[in-house]
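Following: one structure in structure tokens, then a few remarks.
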Amino acid sequence: MTRSVLRAGLVLSALAVLGSGCSRADATLRPDALLRDSLGLGDDDRVHRVGLGSADNRETVQPPQVTVRPGDYVEFVTQDRRVHALAFELESLPPAAAEFLIGTGQQSSPPLVESGTRFVVSFAAAPPGTYPYVVRGNGAEGQGAVVVAEDDR
């Protein structure tokens, strides 16, 4: 009987340790020093990173889709020395989502002309849904999407 109690205690301890790790903020989503300084972001802010590049005469987007919560940021970063420009496909969005992007001035990026150039989009108060975008610049367009999930906090 003591072995059963000991095993049950170990299982509960392991579950408690695993469960406590789930509630911590994902360190990979923390803003870097530049975003902290320029946008005033802190440890509780979440920044999803999307790399923009070009290969084989076409634009590349990595990862092609990210899922965010309202209040998160998406940072689009050039990974080469070619020009890239990103634009959300407003005609593919529900009116509230298109109005959100237009109202916040985030519907498209300026030309991103150097390696490491960033375009950061805030999804604070964004309506849930899928926000498709295209990347133009070097050959065939690249495509991607930001999915804004329901706020479950």
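Checking each residue in the stretch 40-58 for being outside any strand (DSSP E or B), within 28 Å of A27 (Cα to Cα) and in contact (Cβ under 8 Å) with a residue 60 or more places away in the chain picks out no residue at all. Please enumerate the residues belonging to the stretch 81-109 that are buried (at least 17 other Cβ atoms within 10 Å of the Cβ) and either free of Cβ contacts under 8 Å to residues at least 12 places away in the same chain or in a loop (DSSP other than H, G, I, E, B) (or both). Of everything in the stretch 81-109, those that are buried (at least 17 other Cβ atoms within 10 Å of the Cβ) and either free of Cβ contacts under 8 Å to residues at least 12 places away in the same chain or in a loop (DSSP other than H, G, I, E, B) (or both) turn out to be R82, L93, A98, Q106, Q107, S109.
Taking the condition of being without any contact (Cβ under 8 Å) to a residue 40 or more places away in the chain and on the phi > 0 side of the Ramachandran plot, how many residues in the stretch 124-144 meet it? Selection size over the stretch 124-144: 1. When the residues of the stretch 110-153 are narrowed to those that are hydroxyl-bearing (S, T, Y) and in a loop (DSSP other than H, G, I, E, B), which ends up surrounded by the most Cβ atoms within 10 Å (Cβ to Cβ)? Checking each candidate, the answer is T117. For the stretch 35-58, filtered to residues that are under 17 Å from E114 (Cβ atoms) and more than 17 Å from the chain's Cα centre (by Cα), the residue that is surrounded by the fewest Cβ atoms within 10 Å (Cβ to Cβ) is S38.
Going through the stretch 59-77 one residue at a time, which ones are touching a Phe, Trp or Tyr at 6+ places or on another chain (Cβ under 9 Å) and either buried (at least 20 other Cβ atoms within 10 Å of the Cβ) or touching a residue at least 60 places away in the same chain (Cβ under 8 Å) (or both)? Matches in the stretch 59-77: V61, V68, R69, P70, G71, D72, Y73, V74, F76.
We did not get these values from a lab; they are worked out from the coordinates using the rules stated. No experiment lies behind these values; they were computed from the predicted model shown. When we count neighbours, we look across all protein chains shown, and the Cβ atoms used for this are built from the backbone with ideal geometry, even at glycine.
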